[in-house]
Amino acid sequence: MTTSISVIVSLLSIFIQSVSLASSSDSSYIRNLRFNESTNRKPLLIITAIHESHIQAAIICAKTQGLQMKIRSGGHDYEGVSYVSEVPFFILDMFNLRSINVSIEDETAWVQAGATLGEVYYRIYEKSNTHGFPAGVCPTVGVGGHFSGGGYGNMMRKYGLSVDNIIDALLVDVNGQLLNRQTMGEDLFWAITGGGASSYGVVLAYKIKLVRVPETVTVFRVERTLEENATDIVYRWQQVADKLHEDIFIRMIIDVVNSSQSGEKTIRASFFALFLGDSQRLLSLMNQSFPELGLKQTDCVEMSWVESVLYWTSFPTGTPVNILLSRVPQVLTHLKRKSDYLKEPIPKDGLKYIFERMIELETPVLTFNPYGGRMSEIPESAKPFPHRAGNICKIQYATNWNEDGIEASNHYLNLTKMLYAYMTPFVSKFPREAFLNYRDLDLGINHNGPNSYVEGAFYGNKYFKGNYNRLVQVKTKVDPDNFFRNEQSIPTLPSWRK
């Protein structure tokens, strides 16, 4: 207890102008209500840095005191890793460091880690209606975590991931030094663009390369139930989604609804699309490649790219674009997410089996995000994110609930795990791959002790495949004492391997 008090006093003496006590500031950035229970350990304090020197001092002070530091940009980590811990800790909150400087002349932008994706999209829109950036569809997600874990969105088949379009970064390392790409070196720059930057330092900002978007894009959402031939259409989507023209991105969402015909539970497959072009060209391509969906002109809605961001976030038509500047999520709920990768189409009898199990479970939802296009052209080793050629799609398991308490949480967590188990025969194997930004502590937890290297391999090989060992080597070089650590951080090499 004495040590904790001395740490607080020491930090407060440095950060008196930028410290928020851990109550209201913490709860306002908890995006998963599962971690807002009275049983969750609270941070000793929250440092809301407003200058790079605050970050530098926080690292030096915490390192001296041996206190764990959590780094939070938007609070959207699915497992609360940026703001929850089982040991005494404090939060370095980046939300005040959110400047965005867009240069249309050289088609780049410097974006601080505390900015949200919505703020990035809006600041680009202020300067140009023919530029965008390939990142996520949730506008309140923080740049820091999203970019450092890979970052993807509905333009990844055209332009790849967020990290495939990052060209520089500013990082405060374990010694408090402010480094850019040149001074940190290519190994560390590689590691923080897809390997989880919080294992290596505190990213202050990323420099991104903007991409071109047409003045008019087209969106649609088409729904089919089992009674409307959903099984055949889902099966066909698996065969074509990664092979469609790279301007087409069609997300497939499968959930359980009440049948309008029988009133009983049935499966609904929703096909949610962004096309980088007008509806006439989209219909022509769809009629050639995916006529089974039965897309009609009346299904298609033309709009600007920034308006499509609002559409994908389910804002009502006509919502002002400046809503992207809001940092308040549309919905806050308790949630659990898991991920998988699909290498081969699930056969129709397999789909029938999965659909039957989903109807039994009712709550969990499956979302399929197609790959192919640019994603298949980038080598696995180009970035720590290795899931490239050979994948039809990434699968997200999503379960949301409104009830508080451990009993409710355990019930819905179990439903998610059951569906994940049912999918085992159909998804990637050896390893069963996973996506870092869909954080999942079921894959393994690192206690950052003597077995850190072994524990890290359990989840590291799933997230990073053959890139895991390189990440460990970089970690060992730049942070040999493992100061930057969390429940799924990259460990250092054991002493006998160094």
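The values are calculated or read from the model by the stated rules, or taken from the named source; none is laboratory data. In this text, all values refer to a predicted model and were calculated from it rather than measured experimentally. As a convention, Cβ positions derive from the backbone with ideal geometry for all residues, glycine included, and neighbour counts pool all protein chains shown.
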Exercise for the section: Check the stretch 264-283 and report whether any residue there is modelled with pLDDT under 95, under 30 Å from Ala408 (Cβ atoms) and surrounded by fewer than 18 Cβ atoms within 10 Å (Cβ to Cβ). Expected result: yes
If I filter the stretch 237-257 for residues that are over 24 Å from the mean Cα position of the chain (by Cα) and modelled with pLDDT under 95, do I get at least one hit? no
Open item on the list: Please verify whether Glu380 is among the acidic types (Asp, Glu) and surrounded by 14 or more Cβ atoms within 10 Å (Cβ to Cβ), treating the condition exactly as stated.
Closed with: yes
For the stretch 28-63, the count of residues that are part of a loop (DSSP other than H, G, I, E, B) and polar (S, T, N, Q) equals 4
Point to revise | Selection status of Gly390, over 15 Å from the mean Cα position of the chain (by Cα) and within 22 Å of Lys336 (Cβ to Cβ) | key: no
### Task
Check the stretch 300-313 and report whether any residue there is among the aromatic types (Phe, Trp, Tyr) and not in a helix (DSSP H, G or I).
no
